[in-house]
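Student: Structure in structure tokens, see below.
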2 protein chains.
Amino acid sequence: MAYPFTFELKHVCQQSGARCGVLHTPHGEIETPIFMPVGTQATVKAMTPRDLIDVGANIILGNTYHLYLRPGHKLVEEAGGLHKFMRWDRPILTDSGGFQVFSLAKINDIQEDGVLFRSHIDGSKHFFTPESVMEIEQSLGADIAMCFDECAPYPSDRKYTIEAMERTHRWAERCKSAHTREDQALFGIVQGGMFEDLRIQSAKTLADMDFPGYGIGGLSVGEPKHVMYEMLETMMPYMPERKPRYLMGVGSPDCLLEGVLRGVDMFDCVLQTRAGRNGMALTRHGRMTLKNAKYEHDFSPLEEDCDCYCCRNFSRAYLRHLFKEKEILGAQLLTMHNLRFSLRLMEDVRRAISEDRFGDFARELLEQGIYD
Amino acid sequence: MAYPFTFELKHVCQQSGARCGVLHTPHGEIETPIFMPVGTQATVKAMTPRDLIDVGANIILGNTYHLYLRPGHKLVEEAGGLHKFMRWDRPILTDSGGFQVFSLAKINDIQEDGVLFRSHIDGSKHFFTPESVMEIEQSLGADIAMCFDECAPYPSDRKYTIEAMERTHRWAERCKSAHTREDQALFGIVQGGMFEDLRIQSAKTLADMDFPGYGIGGLSVGEPKHVMYEMLETMMPYMPERKPRYLMGVGSPDCLLEGVLRGVDMFDCVLQTRAGRNGMALTRHGRMTLKNAKYEHDFSPLEEDCDCYCCRNFSRAYLRHLFKEKEILGAQLLTMHNLRFSLRLMEDVRRAISEDRFGDFARELLEQGIYD
């Protein structure tokens, strides 16, 4: 199969420098900037694939660490890959498990060859290497795979951050050598902690390796938001302009806008789905806690001008009732809304960029201070 | 508003005596025999209204006891009634809370006037009378309301069963007097425990009250199935032929067939939705426990010839994965399937009746012994 992955940079906003483009993948085109709902365990929680299409999801994320542990990448491969297993015919991106190994699992040993860790589920021992992770991601068969990286904890000192970054670079080379699937793009991941010069060094080193796209890892790990924004600003001039830039694990509404302002093309975040299951709505008027007593007799829709199934049909009073009663339907409806809210925001973002008014667009929303 | 509730008896199967008909309600027509999914707390668990339409649900049930406690019938009334509150535009039937008061709540006192009970949620004290239940059901505004009855526990002695039955008859008279909504049909409920002569007496007494339809209460409360079938056979000649007959709280596949064979027109049951949430599938090959290890590598659909969204898209291996991981999507998909399975069975039942071959149809399925 010919390599079908290309990134077309369509337009750079004259007002803001933000960019829009199109990613071509084996499972279709993705307009960027894009938000990717997270489907950790081969399901975006509480959503059927048809619900996802209904809210306008175009690419979703799968978590390699979770899928490796359960049901196992070999089973997914036997099913014909992740697309067939979970019946999602649009693009998928899998992370490398790097972040999860360093945040969820219990690390036993970080070696040059790889990482020895214990499963957060049953304590069983596992060893991830760049080569084994490539094998797993190729079995899963997403359209985009990520290199296995080491995500240093926050805060980390300069010495350790350099060690982790340099290991990440060596692992990126090994991932590139081990990766053979021609219908899957492999992205490198920029690290470097909260050190500007290291971020630049990492961006340059990875740019030289000529990946078809780049993840920005190790941000939104506990640092203040302004530090994350500064890091993005620092490294962005050294990220290849003609390659997609993916800010990993970041996607609250304010971060989406701030990220796009700084040249980011792709985002993913569990906030939308997790908040949805917990009765928290993202809206253009800020966050709403649906269980709040003030919604008991509120028969207006969650968000007046939202076009999602939830807002077109149900009242705040009904949603409150569902969450008070712990009814599954509450999680379903609010997840739909939160995803639609974020995907619609990105539709508006792309329109504003293409019309050279994204600077105003973002400023107006951010100044309201309701998207934090 | 003119009274829009009528029951048309369309055909009696020459082979079996089973009947099919059409119920006309303010929210549309219902072909009988029908299975009604249960929407206890203003939601059929894990189903959106559009999912329910997709599986072919035509009438659903709401539980008066639960809705009275939470969110409260006054809130539902304020929302414009149960249809509007939960966004279900097709017919609804509400039970009277009688069964729940006697099974879920802690009874403090059964008086001639009504029942004093404590909520199963917070232990708060409440008093249900025929008049208060009519007020609640009229606030909810279903197309069909049920009389407040006393469901005697199983087993009960003859003396107590007579007391409860006679009280149920007096309460039925009071419900009829208190019920004023012209766009809502009020059904009487036949009781009489497991005593054939009392069942006949109850059927006759209620027939004389000329309700537009009749519930058959107090069955499937712990007695052997053959006793339930005998009770149905005994009382059915005394149930008005031109009125719908609703066997309350019964709906496993074998009971649907056995009930229809004995002249029942309407059924409801939580089995389909509860089993769906717990990983149990109802199929034409019997029940399946999806978590079973034998499905781990089974990439065939749940049921080869089922037309539901779950069976058209997903494999047993995927469903097993979802249930192993306690993913909400498992509950959604399997509830869809179990409802579709039962609703499709009833479609086949109606077709078989109209073609005078329901005796063969039911016998063939029941002889397989897989529907118990």
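Student: Just checking, does region A:249-257 include any residue being over 18 Å from the mean Cα position of the chain (by Cα), of a type in the set (A, V, I, L, M) and modelled with pLDDT of 95 or more?
Tutor: No, region A:249-257 has no match at all.
Student: Can you name the condition, by its number, that residue B:57 falls short on among (1) of a type outside the set (Ser, Thr, Tyr); (2) modelled with pLDDT under 95; (3) assigned to a loop (DSSP other than H, G, I, E, B); (4) touching a strand residue (DSSP E or B) at 6+ places or on another chain (Cβ under 6 Å)?
Tutor: Unmet condition: (2).
Student: Does region A:64-73 hold any residues that are more than 9 Å from chain B (Cβ to nearest Cβ) and outside any loop (DSSP other than H, G, I, E, B), and which are they?
Tutor: Correct list: A:64, A:65, A:67, A:68, A:69, A:73.
Student: Related question: Go through region A:80-129 residue by residue and tally those that are touching a residue at least 24 places away in the same chain (Cβ under 8 Å), under 30 Å from residue A:31 (Cα atoms) and surrounded by 14 or more Cβ atoms within 10 Å (Cβ to Cβ).
Tutor: The number of residues fulfilling the criteria is 18.
Student: Scan region A:297-307 and give yes if some residue there is within 14 Å of chain B (Cβ to nearest Cβ) and under 28 Å from residue B:274 (Cα atoms), otherwise no. Break it down into steps so the answer makes sense when it comes.
Tutor: Residues of region A:297-307 within 14 Å of chain B (Cβ to nearest Cβ): A:297-302.
Right, trim to under 28 Å from residue B:274 (Cα atoms) and you get none.
No, region A:297-307 contains no residue that is within 14 Å of chain B (Cβ to nearest Cβ) and under 28 Å from residue B:274 (Cα atoms).
Student: Pick from region A:323-341 the residues that are out of contact with any Leu (no Cβ under 7 Å at 6 or more places or on another chain) and not charged (D, E, K, R): which of them is surrounded by the fewest Cβ atoms within 10 Å (Cβ to Cβ)?
Tutor: A:328
Student: Another question, then. Any chance you could count how many residues in region A:178-230 are in a helix (DSSP H, G or I) and touching a residue at least 12 places away in the same chain (Cβ under 8 Å)?
Tutor: 18
Student: Here's a follow-up. If we keep just the residues of region B:22-51 that are surrounded by fewer than 23 Cβ atoms within 10 Å (Cβ to Cβ), touching a strand residue (DSSP E or B) at 6+ places or on another chain (Cβ under 8 Å) and part of a loop (DSSP other than H, G, I, E, B), which is nearest to the other protein chains (Cβ to nearest Cβ)?
Tutor: Among those that are surrounded by fewer than 23 Cβ atoms within 10 Å (Cβ to Cβ), touching a strand residue (DSSP E or B) at 6+ places or on another chain (Cβ under 8 Å) and part of a loop (DSSP other than H, G, I, E, B), it is B:40.
Student: OK, next. Across region A:284-309, what is the total count of residues that are in a loop (DSSP other than H, G, I, E, B) and surrounded by fewer than 16 Cβ atoms within 10 Å (Cβ to Cβ)?
Tutor: The qualifying residues number 7.
Student: If you take the residues of region A:53-62 that are within 13 Å of chain B (Cβ to nearest Cβ) and surrounded by fewer than 22 Cβ atoms within 10 Å (Cβ to Cβ), which of them is farthest from residue A:312 (Cα to Cα)?
Tutor: Filtering region A:53-62 for residues that are within 13 Å of chain B (Cβ to nearest Cβ) and surrounded by fewer than 22 Cβ atoms within 10 Å (Cβ to Cβ), the one farthest from residue A:312 (Cα to Cα) comes out as A:53.
Student: Oh, and also: Given the criterion within 10 Å of another protein chain (Cβ to nearest Cβ), surrounded by fewer than 18 Cβ atoms within 10 Å (Cβ to Cβ) and in a helix (DSSP H, G or I), identify the matching residue among A:363, A:351, A:320, A:312.
Tutor: A:312
Student: Something else now. Given the criteria closer than 30 Å to residue A:320 by Cβ and either in contact with a helix residue (DSSP H, G or I) (Cβ under 7 Å, 6 or more places away or on another chain) or at pLDDT 95 or above (or both), does residue B:33 qualify?
Tutor: When the stated conditions are applied, residue B:33 does not pass them.
Student: Could you say which residue among A:202, A:220 is on the phi > 0 side of the Ramachandran plot and surrounded by 15 or more Cβ atoms within 10 Å (Cβ to Cβ)?
Tutor: Answer to the selection: A:220.
Student: Among the residues of region B:1-13, are any within 24 Å of residue B:331 (Cβ to Cβ) and either open to solvent by less than 10 Å² (accessible area, probe 1.4 Å) or more than 14 Å from every other protein chain (Cβ to nearest Cβ) (or both)? Show your work before the answer.
Tutor: Keep residues of region B:1-13 that are within 24 Å of residue B:331 (Cβ to Cβ), which gives none.
Checked region B:1-13: no residue is within 24 Å of residue B:331 (Cβ to Cβ) and either open to solvent by less than 10 Å² (accessible area, probe 1.4 Å) or more than 14 Å from every other protein chain (Cβ to nearest Cβ) (or both).
Student: Hey, another quick one. Could you say which residue among B:144, B:136, B:107 is at pLDDT 95 or above, out of contact with any His (no Cβ under 9 Å at 6 or more places or on another chain) and either under 22 Å from residue B:221 (Cβ atoms) or of a type in the set (A, V, I, L, M) (or both)? Steps first, answer last, please.
Tutor: Numbers: B:136 fails: out of contact with any His (no Cβ under 9 Å at 6 or more places or on another chain); B:107 fails: at pLDDT 95 or above.
None of the other options fit; the residue is B:144.
Student: Criterion first (open to solvent by 40 Å² or more (accessible area, probe 1.4 Å) and either touching a Lys or Arg at 6+ places or on another chain (Cβ under 7 Å) or assigned to a helix (DSSP H, G or I) (or both)) does residue A:344 satisfy it?
Tutor: No.
Student: Filtering region A:259-283 down to residues that are charged (D, E, K, R) and outside any helix (DSSP H, G or I), which residue is farthest from the other protein chains (Cβ to nearest Cβ)?
Tutor: A:262
Student: Criterion first (outside any strand (DSSP E or B) and closer than 15 Å to residue A:318 by Cβ) does residue B:14 satisfy it?
Tutor: no
Student: Could I ask something else about it? Filter region B:234-258 for residues that are within 17 Å of residue B:191 (Cβ to Cβ) and assigned to a helix (DSSP H, G or I); which is most open to solvent (accessible area, probe 1.4 Å)?
Tutor: Per the stated criteria, the residue is B:238.
Student: Among the residues of region B:103-111, is there at least one that is at positive phi, in contact with a Lys or Arg (Cβ under 8 Å, 6 or more places away or on another chain) and not hydroxyl-bearing (Ser, Thr, Tyr)?
Tutor: So far as region B:103-111 goes, no, none of its residues is at positive phi, in contact with a Lys or Arg (Cβ under 8 Å, 6 or more places away or on another chain) and not hydroxyl-bearing (Ser, Thr, Tyr).
Student: Then there is this: For region A:130-167, which positions are open to solvent by less than 20 Å² (accessible area, probe 1.4 Å) and over 17 Å from residue A:109 (Cα atoms)?
Tutor: A:134, A:136, A:137, A:139, A:140, A:141, A:142, A:143, A:144, A:145, A:146, A:147
Student: May I ask you to list the residues in region B:6-41 that are more than 16 Å from residue B:88 (Cα to Cα) and either of a type in the set (A, V, I, L, M, F, W, C) or without any contact (Cβ under 8 Å) to a residue 12 or more places away in the chain (or both)?
Tutor: Within region B:6-41, the first condition is being more than 16 Å from residue B:88 (Cα to Cα), and the residues that meet it are B:6-24, B:31-35.
Listed by number, the residues that qualify are B:7, B:9, B:12, B:13, B:18, B:20, B:22, B:23, B:34, B:35.
Student: Which residues, taken from region A:328-348, are farther than 18 Å from residue A:290 by Cα and either aliphatic (A, V, I, L, M) or within 14 Å of another protein chain (Cβ to nearest Cβ) (or both)?
Tutor: A:343, A:345, A:346
Student: Also, I was wondering about something else. Do any helices (runs of 4 or more DSSP H) lying entirely in region B:74-152 carry at least 2 residues that are more than 14 Å from every other protein chain (Cβ to nearest Cβ) and over 19 Å from residue B:213 (Cα atoms), and which ones are they?
Tutor: B:98-103, B:130-140
The values are calculated or read from the model by the stated rules, or taken from the named source; none is laboratory data. None of these values were measured; they are calculated from a predicted model. Positions of Cβ are backbone-derived with ideal geometry, glycine not excepted, and every protein chain shown enters the neighbour counts. Side chains are part of the model used for accessible areas, which takes the heavy atoms of the whole protein and leaves out ligands, DNA and RNA. Shrake-Rupley method; radii C 1.70, N 1.55, O 1.52, S 1.80 Å.
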